[in-house]
1. Please list the non-local residues whose amide H lies under 5 Å from the amide H of A:Phe192, H modeled 1.01 Å from N, same-chain partners needing a gap of 5 or more.
2. With a cut-off of 8 Å between alpha carbons and a minimum separation of six or more residues, what is the relative contact order of chain A in percent?
3. Using a 10 Å Cβ count of at most 10 others and DSSP loop calls, identify the longest part of chain A lacking such GluC sites (Glu not before Pro).
4. What are the membrane-span-like helices in chain A by this rule: whole DSSP H runs, Cα extent along the axis at least 24 Å, mean Kyte-Doolittle hydropathy at least 1.6?
5. Give the total of Lys-Lys pairs in region A:2-173 with Cα-Cα distances below 29 Å; include a pair only if its members are 8 or more places apart or on different chains.
6. Each residue of region A:161-174 in turn: what ³J(HN,Hα) in whole Hz from Karplus with 6.51, -1.76, 1.60 and θ = phi - 60°, glycine and Pro shown as x?
7. Under a Cβ-only charge scheme (Lys and Arg +1, Asp and Glu -1), can you give me the dipole magnitude of the protein assembly as shown about the Cα centre, in debye to the nearest 20?
8. Just to check, using Stokes-Einstein with a Kirkwood Rh over alpha carbon pairs, what's the diffusion coefficient of the protein assembly as shown at 20 °C and 1.002 mPa s in µm²/s?
Amino acid sequence: MVKGKQSILFDKAVYIEETACIVGQKEGEGPLGGSFDIVVEDPMFGSKNWEEAESRLQEMAMDKLLSKTQVPREQIRYIFAGDLLGQLIATSFGLKKYDIPVFGLYGACSTMGEAMSLGAITISGGCADNVVAMASSHFASAEKQFRFPLEYGNQRPETSTWTVTGCGAVMLTAQSQPVSIKGITTGKIVDFGVKDSMNMGACMAPAAADLITANFKDLEVDEKYYDRIITGDLGVVGRKILLDLLREKGYDLSSNHMDCGIEIFDAKNQDTKAGGSGCACSAVTLCAYILKNMKNRKWNRVLFIPTGALLSTVSYNEGKSVPGTAHGVILERQA
Amino acid sequence: MKEENINEQQRNRQYNEYVKQVAPKASCLANCVKAFITGGLICTLGQIFIAVYMENGMSKEDAALWTTLSLVLLSVILTGFNIYPLITTWGGAGSLVPITGFANSVAAPAIEYKKEGQVFGIGCKIFTIAGPVILYGILTSWVAGLLYMLVQWGAGR
Amino acid sequence: MEFIKAFIIGGIICALVQILMEKTKLMPGRIMVLLVCTGVVLGAVGLYQPFLDFAGAGASVPLLGFGNVLWKGVREAVDNKGILGLFTGGFTASAAGISSALIFGYIASLIFNPKMKKK
């Protein structure tokens, strides 16, 4: 059922059946280290280059998901997947061996939210029984594409974030499970004219604030409706801005807001500055941390909001600002 | 529509101002001290090279050229072992400003892009950061030389 | 004595550039271009050579010194060959720096593989 301007509450429920997540060494050494399915020490993941390494990440996550899930492989109707690389090469090379129809998505670091939204719509609309939603990122391939070669020296400012190396995948299904996707709120592209690509938190915070406000209005609720409101990769700078922006609108999220980018690394000891970022940041935190806490009934209703900064090296060189976007997924623990 | 644009511009300006206030900054003083130490040490190393080469009977000009070669080689080796970027993470401008920073900017893309092939990988990308330095250095010196020639000419008449 | 001078003056140049970077958020590539061009200009107006004579490696090792080398090359070539020198001087004088970086850089690409950053 369509709600308000940009939200849907599903009439036919969609559930999260199983998850798989795989990360690199640095993520494994972080505060969530013990909760990931697989931690791989080799940053190349046994491949020849960084791009192939990220494809390998997707492959390993998919394999892990297939081994954990009860859903037979031939009953997976679609994969909704994406990454950060140009023309989605990590996804196309990572998923080609599975012989399953794929929708390739680009939502920058918000891709996991986009994939889960579209997957849930497809199931709820009766077009599929089981779909996979997944997203990956790799520190080295992202750094190479968006910034500098890794051997080149540069000083990262305090506002910068560290791209998470990893891949998270979830199996969405129509069959009843403990955690459901109750609805979604799809984000607009929001641009407040910030040009600093080393401060992505500031670029994305307005989009996250816009999405949260829209969700509250569409559903006619407020911040107390959720046990947790969890953004993707705003980092400490973006979180502060988000709380300020929402306070202006009359909402106080200081007690129930969390950010995956802040949770995944120990900023002080791992020198990640403002926090983690990348598609995998929200994807693996969802699998390893958020859904576990929901299954344990620590949280019963969560608004999960992967956030994305929509820039390319071309738009940056041409002097454009960095617009942000966000995709909200309403997760609910079944009684 | 027009009014909307002006409102948006104003909102963006206010937001950027606000972001500037809340964004944490590294201590400028601490970073400057680190840059001073790092840059100072690299220059001292250069001076040591010059002294050693002149000790061995080289002219001042040749010693300077050999010093450049030595510093470049050292920087490329440190880049290969991924040590140079660590120095820059700590020392900032201290290791960007010396000629060793230039060498790092040449070696780094050469290593990183080798996977994309000899010509379009290493061949093209080796100049990604150093290319502009060479282009604008040569161009500026050409313009300066032209002006110099014109001045000489004027004085000769 | 000359070592201390090189340390202090080289250090000061780097610290000043650090301030510039913090205040303007200029990317390192732009900083390097700026330094070399500034070196050419300072050389051309006659300021850099006396500074170099005083500071030694403190002035020759930073990229400003590289700019000064370019300028000196062009001036010498213009003196000897006229217009042709405008086109030969810069590359002749900077040949050691540029060639060594390219050649050593290339050899490094044969020996070393891309590595992950830990920090």
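1. Under 5 Å from the amide H of A:Phe192 lie the amide H atoms of A:Gly324, each far enough along the sequence or on another chain.
2. 25
3. Maximal segment without exposed cleavage sites: A:42-219.
4. The qualifying helices: there are none.
5. 21
6. 10, 10, 5, 6, 8, x, 8, x, 9, 10, 9, 9, 8, 8
7. Taking the Cα centre of the protein assembly as shown as origin, the dipole is about 400 debye.
8. Translational diffusion coefficient: 82 µm²/s.
Only the coordinates and a few stated rules stand behind these numbers; no lab work does. This is a predicted model, so every value here is computed, not measured. When we count neighbours, we look across all protein chains shown, and the Cβ atoms used for this are built from the backbone with ideal geometry, even at glycine.
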